[in-house]
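Q: Here it is, the structure in full.
Any read-out appearing in this document is the output of simple, stated calculations on the displayed coordinates, not a laboratory observation. What you see is a predicted model; the values in this text were computed from it and never measured. Neighbour counts run over all protein chains shown; Cβ positions are idealised from the backbone, glycine included.
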Ligand SMILES: Nc1ncnc2c1ncn2[C@@H]1O[C@H](COP(=O)(O)OP(=O)(O)OP(=O)(O)O)[C@@H](O)[C@H]1O
Ligand SMILES: [Mg+2]
């Protein structure tokens, strides 16, 4: 079943001087695992932001679950319930500790505080940070911060997980562990997983790889 | 400020002060003693007394603590009440003697008290009593026998005549009658005097309002600046919260709440600090001429403005930030 459809998506910056996305047409199946690969500055992050309803195109359409995002007034419910976004830069709140950061998306969830804590701890454990759950982000290493961001993105069981270079700051071993967590959630709740990477080995783990360059799709293939 | 000025002004005994209007040629015109009896015959005048005022400028400013110089009033001892002096601590000077009663402020400035001698126009006067009227001019002066002052300053005249009106009489009418009857005099009723003082108080009040206003304005700019900076620095945080799915309204409510707490706290701390500094300041200056008056109006005004500008300074940038696409807000560092 089709989950996401992009038609003629154009995104420019600096008054047209930079074309980050140039006429992208794309369809992504529900429950699939897709990797996006390409050189630095090719438009990978910009594309992921469109898919996660964090940004809107200058022209063209973004349709998720049959809904045209441009016609939605308030996307906050959609973001909170459907999307788990892992930023290239982790974007944790510096004043909150690990556990509090992970619990932010559960703020409005209809569950008891105890259940929220339990849910958060499950994911903190999964990314291997149980012993650091009371630490502030500035006391963590870059890789640890990225793992907190992953736990935060997954905690409300999103139907779409968008990860921008989730393993970029990590060594190979930790990177694999993180990917395992992502794949585990993808498989266990049948979430759609879209991962941006510049690492071909990581890209190969996905069912499908989309290669982009200069804001255009230059290659789109299945890995098995 | 208004309150503190008013406490230093209370009414003297006489309702009308008569002085010579032909004040030409440097030497202020004096009045003949016979004029006192003339005035007593004016309708509705119950009493009148002559008063001579002579001042001696200090030989050098460094020698005298009172840069105004020494002011001596000569008056009949039995008519002191017309000069507004009702309570004398000690005893009153004898007529024709070299005794003086002095104001409390005079004592303070010259460090003298009852029993001490003070020198005026080359004569020694013994302080026999002190008084306090609350009027700075009088409390800074000495009162002696009129005859003595006339003798040592070589005059037979008086500088002003203090007129008491009959009970129930209209002071303004009596004052007008005096001016009509005697062309060369000017008169000043106590109510005219106090309205003149009211004008001064009004000016002081306007000045203090302007100062408070300026202080509040400067404070407001500070509050707006702080809030704008605080929220600006949090634009990224707003981006994070938006990307995780927080509603703009919820983000704004949170920032509004924080702004209120912040501005209320700073208002309270500011008020406490303000009072402390004012109290310490007035003790350091060591004056009792002014007393500190706190009007609720000023505090409410300052508080209200703090909170309003805090909200404007805090919520407006927050509102703008909440309207940004999450990715744009996230780009702020
Ligand atoms: N907010 C912005 N303002 C101006 N230019 C931008 C902005 N965001 C992205 N760009 C430009 O758009 C192009 C695509 O950027 P994007 O971040 O999507 O690249 P990327 O593929 O994610 O690169 P990297 O691998 O380095 O993260 C780049 O040339 C970038 O400079
Ligand atoms: Mg990128």
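Q: Which Rg and Dmax, in Å, describe the Cα atoms of chain A?
A: Taking only Cα atoms of chain A, I get Rg and Dmax of 17.1, 51 Å.
Q: Kirkwood hydrodynamic radius for the protein assembly as shown: how many Å is it when counted over pairs of different Cα atoms?
A: Computed over the protein assembly as shown, the radius equals 31.4 Å.
Q: So, one more: With just the Cα atoms defining each centre, how far is the stretch A:7-55 from the stretch B:303-333? Give it in Å.
A: Using only Cα atoms, the two centres lie 30 Å from each other.
Q: Okay, moving on. With the cut-off at 1.5 for a/c, could you classify the stretch A:9-80 from its C-alpha gyration tensor as rounded, prolate or oblate?
A: Values: a/c = 1.89, a/b = 1.24, b/c = 1.53.
Oblate, since a/c reaches 1.5 and b/c is not below a/b.
Q: When Rg is the radius of gyration of the Cα atoms in the stretch B:262-333 and Rh is its Kirkwood radius, what does Rg/Rh come to?
A: 1.28
Q: Using only alpha-carbon positions, what ratio does the radius of gyration of the stretch A:97-202 give when scaled by 2.2 N^0.38 Å?
A: Here the Cα radius of gyration is 1.03 times the empirical estimate.
Q: Also, I was wondering about something else. How compact is the stretch A:1-131 by the rule of thumb for globular proteins, expressed as Cα Rg over 2.2 N^0.38 Å?
A: Rounded to two decimals, the normalised Rg is 1.23.
Q: Report for the stretch A:2-222 the percent antiparallel among DSSP-assigned beta bridges with both residues inside it, nearest 5. Mind dumping the intermediate values first?
A: Working: 21 of 39 bridges.
So the antiparallel bridges amount to about 55 percent of the total.
Q: Does the stretch B:68-151 come out rounded, prolate or oblate, given a ≥ b ≥ c as the square roots of the eigenvalues of its C-alpha gyration tensor, rounded meaning a/c under 1.5 and, failing that, prolate meaning a/b above b/c?
A: rounded
Q: Could you give log10 I(q)/I(0) at q = 0.24, 0.26, 0.28, 0.29 Å⁻¹ for the stretch A:118-175, computed by the Debye formula over C-alpha point scatterers of equal weight, without solvent?
A: Debye output, listed in q order: -1.05, -1.18, -1.28, -1.32.
Q: Right, another one. Could you please state, rounded to a whole Å, how far the C-alpha centre of the stretch B:67-128 is from the C-alpha centre of the stretch A:150-177?
A: Taking the Cα centre of the stretch A:150-177 as reference, the centre of the stretch B:67-128 is 94 Å away.
Q: Working from the pairwise distances between different alpha carbons, so that the mean of 1/r is found and then inverted, what is the stretch B:115-262's Kirkwood radius in Å?
A: Details: mean 1/r = 0.0426 Å⁻¹.
By the Kirkwood definition, the hydrodynamic radius is 23.5 Å.
Q: Using only the alpha-carbon atoms, what does chain B span along each of its principal axes? Please give whole angstrom values in decreasing order.
A: Reported extents, whole Å, longest axis first: 98, 45, 36.
Q: Neighbouring Cβ atoms within 10 Å as the yardstick, rank B:72, A:85, A:157 fewest first.
A: On the way: B:72 24, A:85 27, A:157 15.
Ranking B:72, A:85, A:157 by Cβ neighbours within 10 Å, fewest first, gives A:157, B:72, A:85.
Q: Taking every pair of alpha-carbon atoms in the stretch B:200-267, what share in percent sits in each 5 Å bin, from 0 to the bin with the longest distance?
A: 4, 13, 17, 17, 12, 10, 8, 6, 5, 3, 2, 1, 0
Q: Also: Could you tell me whether the stretch A:73-132 comes out rounded, prolate or oblate from its Cα gyration tensor? Rule is a ≥ b ≥ c as square roots of the eigenvalues, rounded for a/c under 1.5, then prolate if a/b exceeds b/c, otherwise oblate.
A: Taking the square roots of the gyration eigenvalues as a ≥ b ≥ c, the stretch A:73-132 is oblate.
Q: I would also like to ask the following. Evaluate E = 1/(1 + (r/R0)^6) for residue A:214 and residue A:180, where r is the Cβ-Cβ distance and R0 equals 45 Å; express this FRET efficiency to the nearest 0.05.
A: Once rounded, the FRET efficiency stands at 0.85.
Q: If each residue of separation counts as 0.36 nm, what is the full-extension length gain between residue A:131 and residue A:204 once their alpha-carbon separation is subtracted?
A: 23.0 nm
Q: Let me ask something else. Given a 10 angstrom Cα cut-off, can you work out which residue in B:143, B:106, B:294 is the most mobile in a GNM of chain B?
A: Top of the fluctuation ranking is B:294.
Q: Let me ask another. Given a Förster distance of 56 angstrom, what is the FRET efficiency for residue A:1 paired with residue B:207, based on the Cβ-Cβ distance and rounded to 0.05? The partial results should precede the final answer.
A: Details: r = 78 Å, r/R0 = 1.39.
For R0 = 56 Å, the calculated efficiency reads 0.10.
Q: Still on this model: Go ahead and estimate [θ] at 222 nm for the protein assembly as shown from helices alone: -39,500 (n - 2.57) per DSSP H run with n ≥ 4, summed, over the residue count, rounded to 500.
A: -13500 deg cm²/dmol
Q: Could you calculate the contour length gain from residue B:97 to residue B:156, that is, 0.36 nm times the residue separation minus the distance between their Cα atoms, to one decimal place in nm?
A: Difference between extended and current length: 19.6 nm.
Q: Here is a follow-up. Show log10 I(q)/I(0) for the stretch B:209-331 at q = 0.09, 0.14, 0.18, 0.19 Å⁻¹, two decimals, from a solvent-free Debye sum over equal Cα scatterers.
A: -0.35, -0.66, -0.90, -0.96
Q: Of A:21, A:89, B:276, how do they rank once you tally other Cβ atoms within 10 Å and put the fewest first?
A: On the way: A:21 26, A:89 17, B:276 10.
Lowest to highest Cβ neighbour count: B:276, A:89, A:21.
Q: For the residue pair residue B:214 and residue B:173, what label-to-label distance in nm results when each label sits 7 Å from Cα along the Cα-to-beta-carbon direction?
A: 4.8 nm
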